[in-house]
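Only one structure is covered here, and it is reproduced in the block below.
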Amino acid sequence: MTSYDEALRQLNQAAERMGLDPDVRKILSQTASEITVNFPVKMDDGEVRMLTGHLAQHNNVLGPFAGGLRYQEAVDTDDVRALAIRMTWKHAVLGLPFGGAMGGVDVDPLRCSPAELERTTRRFTFGLGGNIGPEYGVLCPELGTNGQIMAWILDTYASTMSPHERNLCGHVVMGKPATLGGSAGREQAAGQAIVIMLNEWARHEQMDLRQVTFLLQGFGATGSWAARLLAERGARLLAVEDASGAIAHPDGIDPGDLDSYARQRGGIEGYPKASPTDHAGFLSTRADIFIPASPQKPVSRDHASTLRVRVVAEGADSLTDRETEALLRERGIEILPDLLCHSGATIVYYYEWLQNRRSERWEAEEVNSKMRRLLLSVYEEARGIASELHTDLRSAALIVGLRRIETAYLKRGIFP
């Protein structure tokens, strides 16, 4: 089953459960538009390479198409189509005035120089033309892209505008550097959303975060921030795994110290204040919480059959397929889904878009406070639907979003 098929399966399952209007269901089963751009890029050695980029725009009934741009070798239309659909769900679940989109360029950013990445970005942006715009189609960083790439997109797009419009289009991209209008609070937002959700889960379970233990897979920006913020609340990190290896310590690992080590060494392997372990040893470590936070490591049946935890808090999108999720639930392991846990960056990107649109600048405390209130509201809404419809939290969260989209279509009607 492809990622697109899995996205449609989740849609149909939720639609059946909630009784989604059949016409709205038909509309949501397809993307509104898909663009493929083939464009030349001159490499540093003088060779001209033809690269391919894709942009899928799924739905914009709630607001402008918005989603990430990934640079990944072999990314194709099926990948971006599935991710665009999931962005529609996520924005709707969170109540943000955005639709769903996703872009991708078939290139390995690790094999490109900064100059090659800049030329690739500018040519792809130019090729997209009017398919992006601050009030129509908005992009943000995703796998393989960052704030610098967003800055190049902004500059290229602005260069195509008339002079009196160039300072009005800063919100064509989100996740920009702070000097170009990027929002305060973005760096830790993804990890913070995970902690907010886990804190609510612990409260409902009548647990104290100061007493819980956790495992972490993936020690990038999301995972390291989640670990540090949990540790500040008293939780203990027992084991970590990243691309370089896995480590464990029964008395706990200091996430801040580990982050400093990993930044210097390029990974956690060899960290002197914990013992090395293998993948099986990492998975079998008994703890309260497992946080998978690596987008390239989905939760597998191996995880589901080996984990000895109470809850899985998804720190990246599309990590768990149907069979794995069913096995986790059979074993009594609760799942806090990506639609809730992996939403912090999405929320702060929207806040950035809004600040740019209003020519405002918010402090980090204001951003964090707004995000917390929004997430708590959505979490309670999803829990209420889960109880009402006797379903799991993932389906309930999706139903929250689908109800918002359904209401918009039923109120607006179908043109003509």
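The values are calculated or read from the model by the stated rules, or taken from the named source; none is laboratory data. None of these values were measured; they are calculated from a predicted model. Cβ sites come from the backbone with ideal geometry, for glycine too, and all protein chains shown count toward neighbours.
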request  = Filter segment 293-315 down to residues that are among the hydrophobic types (A, V, I, L, M, F, W, C) and in contact with an Asp or Glu (Cβ under 7 Å, 6 or more places away or on another chain) and give me whichever is farthest from Ala280 (Cα to Cα).
outcome  = Val311
inquiry  = Contact list please: Cβ distance under 8 Å, first residue in segment 394-416 and within 15 Å of Glu381 (Cβ to Cβ) and at pLDDT 95 or above, second residue surrounded by 14 or more Cβ atoms within 10 Å (Cβ to Cβ) and aromatic (Phe, Trp, Tyr), pairs at least six apart or on different chains.
reply    = Leu398/Trp89; Gly401/Trp89; Leu402/Trp89
Filtered residues of segment 347-392 (kept if of a type in the set (Val, Ile, Thr) and under 26 Å from Asn167 (Cβ atoms)) = Ile347, Val348, Val367
task = Report yes if some residue within segment 144-156 is touching a His at 6+ places or on another chain (Cβ under 6 Å) and either touching a residue at least 60 places away in the same chain (Cβ under 8 Å) or buried (at least 23 other Cβ atoms within 10 Å of the Cβ) (or both); otherwise report no.
result = no
query = If you check Leu215, Leu229, Leu198, which single one turns out to be in contact with a Ser or Thr (Cβ under 9 Å, 6 or more places away or on another chain) and modelled with pLDDT of 95 or more?
reply = Leu215
key: Hits in segment 18-34 - residues which are buried (at least 18 other Cβ atoms within 10 Å of the Cβ) and over 22 Å from the mean Cα position of the chain (by Cα)   = Met18, Leu20, Val24
remark   = Per the filter on segment 174-200, residues charged (D, E, K, R) and touching a Leu at 6+ places or on another chain (Cβ under 9 Å) are Lys176, Glu200
message = Among the residues of segment 125-151, what is the count of those that are under 23 Å from Thr179 (Cβ atoms) and assigned to a helix (DSSP H, G or I)?
response = 6
query = Got at least one residue in segment 103-113 being out of contact with any strand residue (DSSP E or B) (no Cβ under 9 Å at 6 or more places or on another chain), part of a strand (DSSP E or B) and at pLDDT 95 or above?
reply = no
task = Take segment 54-87 and flag every residue that is closer than 20 Å to Thr2 by Cβ, among the small types (Gly, Ala, Ser) and buried (at least 24 other Cβ atoms within 10 Å of the Cβ).
result = Ala56, Gly67, Gly68, Ala84
inquiry  = Suppose we filter Arg203, Arg166 for residues that are under 30 Å from Ile333 (Cβ atoms) and either at pLDDT below 95 or of a type in the set (A, V, I, L, M, F, W, C) (or both); which single one remains?
reply    = Arg203
ask   = Can you spot a residue in segment 183-203 that is closer than 19 Å to Pro64 by Cβ, touching an Asp or Glu at 6+ places or on another chain (Cβ under 7 Å) and part of a loop (DSSP other than H, G, I, E, B)?
value = yes
note = Flagged pairs (Cβ under 6 angstrom, 6 or more apart or on separate chains; first in segment 55-78, closer than 18 Å to Phe126 by Cα; second aliphatic (A, V, I, L, M) and modelled with pLDDT under 95) are Arg70/Leu143
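Residues checked against (1) more than 19 Å from Ser395 (Cα to Cα); (2) surrounded by fewer than 14 Cβ atoms within 10 Å (Cβ to Cβ); (3) under 23 Å from the mean Cα position of the chain (by Cα):
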{"residue": "Gly270", "(1), (2), (3)": "yes, yes, no"}
{"residue": "Asp278", "(1), (2), (3)": "yes, yes, no"}
{"residue": "Gly281", "(1), (2), (3)": "yes, no, no"}
{"residue": "Arg301", "(1), (2), (3)": "yes, yes, yes"}
{"residue": "Ala313", "(1), (2), (3)": "no, no, yes"}
{"residue": "Glu330", "(1), (2), (3)": "no, yes, no"}
